[in-house]
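Remarks on the structure that follows.
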Amino acid sequence: MSRHYCILTYKDTNSFCNFAGLNLAIFIGIMTTILGIESSCDDTSAAVIRDEFLLSNVMASQEVHRQYGGVIPELASRAHQQNILPVVSQALKQAGVTMEDVDAIAFTRGPGLLGSLLVGTSFAKGLSISTNTPLIEVNHLQGHILSHFVKVEGRDNRSPQFPFLCLLVSGGHTQIVRVDEPLKFEILGHTIDDAVGEAFDKCAKLMGLGYPGGPIVDKLAKEGDPERFRFAKPNIPDLNYSFSGIKTSLLYFVRDMVAENPNFLEENKADLCASFQKDLIDILMKKLILAAKQTGIKDIAIAGGVSANSGLRNRIVEEGQKRGWNTFLPEFKFTTDNAAMIAITGYFKYQKGIFAPLDIAPLSRAAEYGD
Ligand code: KG4
Ligand code: ZN
């Protein structure tokens, strides 16, 4: 919806939600343009969405962390500070819009690194005040899930039907989420310790393969034997996960084998990656299958950085064929952190008239959301 149809000052944001013109504009089909800003970890990203269609999605990844084998929070904040203005400008330019055309600014409120979140939040607020554009706060994890609803011109834009289950697998989270409506979620299960992405990253670090580890392990696993080694599997009740035990199991196994043969890692890295990856996928799938059985839901999606994993993608499709699921894999560019997913979540919130006040602050931990 263009603001030509809705002449309100920013201070009216709360009443904006009740403004009859908003619903009328949606009803008569006026387009809604949302600018999304994502800065929760080490990627600075901005995207523009018009209705559900992506107009631009610009990303600046931070190479500086590679040499340290993990994200250094202080360096991440500084890099966001340098990148955010050019990234947002570029996203608007590529989309062929100006701030005049933008109906709302959606930004990641959390969870994530506090210093990184502060950069995106403060930038969004400044832009909101200076251009008189309403603000929308977005939960990063909901954004990952709703990335399935980003439409790209000329593509097959099939998306899950509600209710659906989403296996959300990232560097910081592992959850099975039931999604009843675009903004109605229930976490059915979650990790009680490490996230699965962390297990991939630690495996790569232990083997001296580099950072981020997930894509490297994935690549090596394609050349290895997934049945060669087995590691300790967790025994956790309900739909919850645990990945700390399997990480330790890999660590001790490698330590003992290297003590016998100093070249063990070099000689076996592909088999180690393939076997470890298979175990992680087995753990993920066991609970996902259980959740599908318990809920009777057949639309099953995956989201988050680890949903780029080729082994997991193949396995979900295979299980789906066996079990009569409709499976949904995100496009690769929407698996890791991106602002398109923030913009689409902002779009759904805009439809419901849910806006954020100017004194809003980031929330670094998922638990702070109370969900
Ligand atoms: O969603 P994301 O970009 O950031 C968080 O919100 O955490 O996820 C990053 C995680 C990292 O742990 C990275 O190693 C993992 O996603 N990842 C992968 C692959 N690509 C990224 N893990 C396994 N296989 C991949 N191909
Ligand atoms: Zn993420």
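Taking the solvent-accessible surface of protein heavy atoms with a 1.4 Å probe, what is the per residue accessible area of the chain in Å²?
44 Å²
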Check your understanding: Out of residues 5 or more away from ASP299 or on other chains, whose amide H comes under 5 Å of its own, with H placed 1.01 Å from N in the peptide plane?
Key -> LEU165, ASN326
Point to revise | Partner aspartates and glutamates for LYS286 [C-alpha distance under 18 Å; skip if fewer than 8 residues away on the same chain] | key: ASP193, ASP194, GLU227, ASP238, ASP299, GLU318, GLU319
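Determine the share of the range 164-296's accessible area contributed by carbon and sulfur atoms, expressed in whole percent, with a 1.4 angstrom probe.
52 percent
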Point to revise | Calculated FRET efficiency for the pair GLU318/ILE360, C-beta based, R₀ 41 Å, to 0.05 | key: 0.40
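What is the gain in length, in nm to one decimal, between ASP156 and PHE53 on full extension, counting 0.36 nm per residue of separation less the C-alpha to C-alpha distance?
Here the answer is 35.9 nm.
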Practice item. Count charges around ALA76 for me, please; just the other residues with Cβ under 13 Å from its Cβ, Lys/Arg as +1, Asp/Glu as -1. Key: -4
Study note, to complete from the structure: Mean shadow area (nm²) of the C-alpha convex hull around the chain is 18.7 nm²
Check your understanding: So what does ARG255 come to for accessible area, using a 1.4 Å probe and Å² rounded to 10?
Key -> 140 Å²
Check your understanding: How large is the dipole of the chain about the Cα centre if only Lys and Arg carry +1 and Asp and Glu carry -1, each at its Cβ, rounded to the nearest 20 debye?
Key -> 420 debye
Exercise for review: Would you rank VAL217, VAL58 by solvent-accessible area, highest first, keeping every protein chain in place and using a 1.4 Å probe?
Suggested key: VAL58, VAL217
Practice item. Can you bin the range 34-185 into rounded, prolate or oblate? Criterion: square roots of the alpha carbon gyration tensor eigenvalues sorted a ≥ b ≥ c, rounded for a/c under 1.5, prolate for a/b above b/c, oblate for the rest. Key: oblate
Exercise for review: Compute the length gained on full extension between GLU368 and LYS293: take 0.36 nm times their separation in residues and subtract their Cα-Cα distance, giving the result in nm to one decimal.
Suggested key: 24.0 nm
Check your understanding: How do 39-52, 76-89 rank on mean C-beta neighbours within 10 Å, highest first?
Key -> 39-52, 76-89
Point to revise | Computed E for LYS233/LEU183 - FRET, C-beta separation, R0 25 angstrom, nearest 0.05 | key: 0.10
Practice item. Can you tell me which of 116-127, 139-150, 59-70, 202-213 comes out highest on packing, and rank the rest after it, using the mean Cβ neighbours within 10 Å? Key: 139-150, 116-127, 202-213, 59-70
Exercise for review: Please get the size of the charge dipole for the range 181-330, origin at its Cα centre, with Cβ charges of +1 on Lys and Arg and -1 on Asp and Glu, quoted in debye to the nearest 20.
Suggested key: 360 debye
Exercise for review: Would you list which aspartates and glutamates come within 19 Å of LYS93, measuring only between C-alpha atoms, while excluding same-chain residues fewer than 8 positions from it?
Suggested key: GLU38, ASP51, GLU52, ASP101, ASP103, GLU153
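The values are calculated or read from the model by the stated rules, or taken from the named source; none is laboratory data. As the structure is a prediction and not an experimental result, all values here were calculated from the model. We place every Cβ from the backbone using ideal geometry, glycine too, and count neighbours over all the protein chains shown. Heads up: the accessible areas ignore ligands, DNA and RNA and are worked out on the full protein's heavy atoms, side chains in. Shrake-Rupley method; radii C 1.70, N 1.55, O 1.52, S 1.80 Å.
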